[in-house]
Amino acid sequence: MATLSADRSAKSSDTLGLARVAILAVQKNASETATYLSSIYDDESIENKTVQLQQCLEDCSERYEAAVEQLTDATVALDMGAYPEARALVAASQAEVKLCQRGCRNVQVHRNILTMRNRDVDRLCSIALTITKLIRTPSPSAAE
């Protein structure tokens, strides 16, 4: 995947390192989407900016802000060895993105305005979740 292979540290990383890179990739993508949402919310050139579209953009902006925060926390949890918590936070971020997409379905004119971005973040979350599930927690006897 180009997103992960573009990071030089991913080439020689163990599963934990790769999980960290994957979560950071999702976080970067989600952060860029949050910035995009801010720009289109304020964009006066979008035609037919209905109340529904404005609400969709506002809700998605809040959801993406929450997702970015959760992904930041997921990285911290991963670094602390709290792998189940990291997975839960990535899953929560993915849920925010899905709720954003679902919330914009009723916007007729611009209903697909975020579809591609949401799909990308959703896929990256799935990849990060898959990788974090591969992390082996050291057994108590191995830690001694």
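Quick notes
- Any chance VAL68 is closer than 22 Å to SER39 by Cα and modelled with pLDDT of 95 or more: yes
- Considering residues of the stretch 84-116 that are part of a helix (DSSP H, G or I) and touching a residue at least 60 places away in the same chain (Cβ under 8 Å) only, the residue nearest to GLN52 (Cα to Cα): VAL97
- Criterion violated by LEU134 - all others in (1) surrounded by 18 or more Cβ atoms within 10 Å (Cβ to Cβ); (2) closer than 23 Å to ALA25 by Cβ; (3) touching a residue at least 40 places away in the same chain (Cβ under 8 Å) satisfied: (1)
- Taking the stretch 40-65 as the range and being surrounded by fewer than 18 Cβ atoms within 10 Å (Cβ to Cβ) and under 30 Å from ILE131 (Cβ atoms) as the test, the residues that pass are ASP59, GLU62, GLU65.
- Boolean, ILE46 is in a helix (DSSP H, G or I), at pLDDT below 95 and of a type in the set (Val, Ile, Thr): no
- Residues of the stretch 16-43 satisfying the condition of being at pLDDT below 85 and of a type in the set (Asp, Glu): ASP42, ASP43
- Test set (1) closer than 25 Å to THR137 by Cβ; (2) of a type outside the set (Lys, Arg); (3) at pLDDT 90 or above - SER13 fails condition number: (3)
- Restricting the stretch 71-110 to residues that are among the basic types (Lys, Arg) and surrounded by fewer than 18 Cβ atoms within 10 Å (Cβ to Cβ), the residue that is modelled with the highest pLDDT: LYS98
The values are calculated or read from the model by the stated rules, or taken from the named source; none is laboratory data. The model shown is predicted, which means the values in this text are computed figures rather than measured ones. Methodologically, a virtual Cβ is constructed for each residue, glycine included, from the backbone with ideal geometry; neighbour enumeration extends over all protein chains shown.
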